[in-house]
Amino acid sequence: MSNQKITRKQMQSILFMFWTGSLVVAASNKEVKQDYWICLLISALLFLPIICIYDRLIKLYPGKNLFEINDAVFGKLVGHIITAIYIMYAILLASQLTKIFAVFIRVVNMAETPELITAAFMVLVGALVVTRGPENIARLAKYTWLVIVIILFTFFAGFKDMEFSNMLPVMNSDFPTILKVSAIGLILPLGESVLCLTLISNIRPEENIKKIFLKALVFNTIIYIIVAIRNVAILGPSTNMYYFPSYEAVSIISLKEFFSRFEVLIGINLMLNGSIKFCVCLYASSLGLSHIFKLPNYKAFTASCAILIITLMQLLYQDLQQFFNFIPYGAISSVPYEIILPIATWIGAEIRARMSSGTKSSKTSTNNSPEKT
Amino acid sequence: MDNYLIIGAFYVVLIFTDLIPAIREKKTKGLFFSIPVYLITLIVNIMIVMGVQFPAITTVIQHAIQSMLKIP
């Protein structure tokens, strides 16, 4: 159960890093182009009710993680089935992440190096971090400040290359398209944070979960908007020609004649965020398996999950275009894990809470009845 | 050839750091899951390296969603 190893600030950093881990693929959108920042704002607003659901669940079951809550709400059998679904989701998400980072490194830097070797190193390092405990993931997440500094630096350093007229006209896309892209933004990456609920049992029960999520969401939205504006302002309409627009935008930036090639900072940034996200997914899957097998230590499953991730990674897609085409479908396929299951768990938890409070009050009234006394 | 070596090294590292200690400590419950996973994934990985074509998971999911929601 609870070891209270993660502080409130560390949890905020984990959430921030987890969300920005998708920055490599979610830095622009070809459907809404310069209006992407509006979609990011709408996605953040749409995520607020989900934060309230998370907060209520944690308040109803303090000190319990996602899987323990599922068991408490639905009973052992259904709870274990839902846990198994979340394990599959976490493994699939981690394998997608590994694949995209392996492709990213191959496309931008090391064309001759097999993707498998990059992925193997990433997975081994992630497995090592996870086996050292969730507090180790939290300690890694303290490099949030570095991510923010790098993004702000590239934004201000790129000022002379920016053409802010690229942001115009505002609301050029129709509203249904903006809503569609916002909904995708809600699922990828915001909704994926349901897996961070597996870490909740490691923070103090009296911490305000709503506040933690809200602060991280505000920071994340600001950073995403800064990145979206930077990319469109520097690259203009060609932003959507690139698979990794952040990398391309920053590669243009230079300070005077001698400071250039800042794109390496973006590489570091994306890899750092991606590693945290990978670790959270790996931790969630290992913890879920230990929950199903009733083992006190999740570490027994970390290596097995790492192997599953690296195998699935090779079966995901043949080329990058196939992956980018898959993003809207990936968002649809994630709706059950990220929206439906948390809502169902919340409704179930509320019913259980009402029932138990009803039983308690009826017991008290029976004890206080005149016949008894 | 490169991929054979990478997969081999990856499995060797994990077998020595995870599987063998688990067998020594007789963590039977964990091994019920770990040993089949190691074996199945090893076979799949060898097949991938040998060039056997598997359907892409994303394509399978995409087709399933298209047929469920009747998206052309």
*asked:* Quick check: the angle from helix B:28-50's long axis to the longest principal axis of chain B, C-alpha only, nearest 10 degrees?
replied: 60 degrees
*Looking at the range A:104-184, which trypsin sites (Lys or Arg not before Pro) are in a loop (DSSP not H, G, I, E or B) and have at most 15 other Cβ atoms within 10 Å?*
A:Arg132
*Computed over the Cα atoms of the range A:233-341, what is the ratio Rg over Rh, Rh following Kirkwood?*
1.10
_Need one value: the accessible area of A:Tyr224 in square angstrom, 1.4 angstrom probe, rounded to the nearest 10._
10 Å²
*Percentage of Cα-Cα pair distances in the range A:105-153 greater than 18 Å, rounded to whole percent?*
55 percent
*Among A:Ser13, A:Ser356, A:Ser260, determine the one that fluctuates most according to a GNM of chain A built with springs between C-alpha atoms less than 10 Å apart.*
A:Ser356
_Spatially proximal aspartates and glutamates relative to A:Lys299 (Cα-Cα < 20 Å; intrachain offsets below 8 disregarded)_ = A:Glu68, A:Glu135, B:Asp18, B:Glu25
*Tell me which aspartates and glutamates have Cα within less than 12 Å of A:Lys277's Cα, excluding those fewer than 8 residues away on the same chain?*
A:Glu192
_Estimated inter-spin distance, A:Ile81 and A:Gln318, nm [label 7 Å along Cα→Cβ]_ = 3.7 nm
_Highest mean first, how do A:36-44, A:343-351 rank when packing is the count of other Cβ atoms within 10 Å averaged over residues?_
A:36-44, A:343-351
*Geometric extent, Cα atoms of the range A:55-100 - Rg, Dmax (angstrom)*: 12.9, 37
_As I understand it, the value is the acute angle between the Cα axis of helix A:320-335 and the longest principal axis of the Cα atoms of chain A; what does it come to in degrees, rounded to 10?_
20 degrees
_Extension gain (nm, one decimal) between A:Val264 and A:Met88, 0.36 nm per residue minus Cα-Cα_ = 60.0 nm
*Name the GluC sites (Glu not before Pro) in the range A:47-141 that are in a loop by DSSP and that have at most 12 other C-beta atoms within 10 Å, would you?*
A:Glu112
_Could you work out what % of the accessible surface of the protein assembly as shown is carbon and sulfur, using a 1.4 angstrom probe and leaving DNA, RNA and ligands out of the count?_
67 percent
_Stokes-Einstein D in µm²/s, Kirkwood radius over Cα pairs - chain A at 37 °C with 0.692 mPa s viscosity_ = 152 µm²/s
*Per-residue ellipticity at 222 nm for chain A, helices alone: DSSP H runs ≥ 4 residues times -39500 (n - 2.57), over residue total, nearest 500 deg cm²/dmol?*
-23000 deg cm²/dmol
*Relative to the longest principal axis of chain A, what angle (0 to 90°, nearest 10) does the C-alpha long axis of helix A:36-60 take?*
20 degrees
*Mind checking the alpha-carbon convex hull of the range A:134-208 and giving the volume per residue in Å³?*
147 Å³
*Pick from A:Gln318, A:Gln12, A:Gln96: which residue has the top mean-square fluctuation in a GNM of chain A where Cα pairs under 10 Å get a spring?*
A:Gln318
*Centre separation in Å (Cα based) which lies between the range A:242-258 and the range A:55-113*: 33 Å
*Place a +1 charge on the Cβ of each Lys and Arg in the range A:132-267 and a -1 charge on the Cβ of each Asp and Glu, then give the dipole magnitude about the Cα centre in debye, rounded to the nearest 20.*
420 debye
*Please give the calculated 222 nm ellipticity per residue for chain B, where each DSSP H segment of at least 4 residues contributes -39500 (n - 2.57) and the sum is spread over every residue; nearest 500 deg cm²/dmol?*
-24000 deg cm²/dmol
_With N set to the number of residues, divide the alpha-carbon radius of gyration of the range A:177-266 by 2.2 N^0.38 Å and report two decimals._
1.44
*Running Debye on the range B:2-69 with equal point scatterers at the Cα sites and no solvent, what base-10 log of I(q)/I(0) appears at q = 0.18, 0.20, 0.29 Å⁻¹?*
-0.80, -0.87, -1.19
*Extension gain, A:Asn109 back to A:Ile347 (0.36 nm per residue minus Cα-Cα distance, nm)*: 80.9 nm
*Would you calculate the volume per residue, in Å³, of the smallest convex hull containing every Cα atom of the range A:1-149?*
162 Å³
*Say R0 is 45 Å: what FRET efficiency, to the nearest 0.05, do A:Ser165 and A:Ile340 get from their beta-carbon distance?*
0.60
*Cross-link table A:Lys5/A:Lys59; A:Lys99/A:Lys215; A:Lys142/A:Lys215; A:Lys9/A:Lys210; A:Lys59/B:Lys29, entries beyond 21 Å C-alpha to C-alpha*: A:Lys99/A:Lys215; A:Lys59/B:Lys29
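Which loop GluC sites (Glu not before Pro) in the range A:187-295, with loop taken from DSSP, have no more than 14 other Cβ atoms within 10 angstrom of their Cβ? Each step should come with its number before you reach the end.
On the way: sites: A:Glu192, A:Glu206, A:Glu207, A:Glu248, A:Glu257, A:Glu263; in loops: A:Glu206, A:Glu207, A:Glu257.
Here the GluC sites (Glu not before Pro) that fit, given the DSSP loop and packing criteria, are A:Glu206, A:Glu257.
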*GNM, chain A, Cα, under 10 Å: largest mean-square fluctuation among A:Phe67, A:Phe258, A:Phe164?*
A:Phe258
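The values are calculated or read from the model by the stated rules, or taken from the named source; none is laboratory data. Just so you know, these numbers come straight off a predicted model, no measurement behind them. Backbone-built Cβ (ideal geometry, glycine too); neighbour counts: all protein chains shown. The area values use the complete protein model at the heavy-atom level, side chains included, leaving out ligands, DNA and RNA. Shrake-Rupley method; radii C 1.70, N 1.55, O 1.52, S 1.80 Å.
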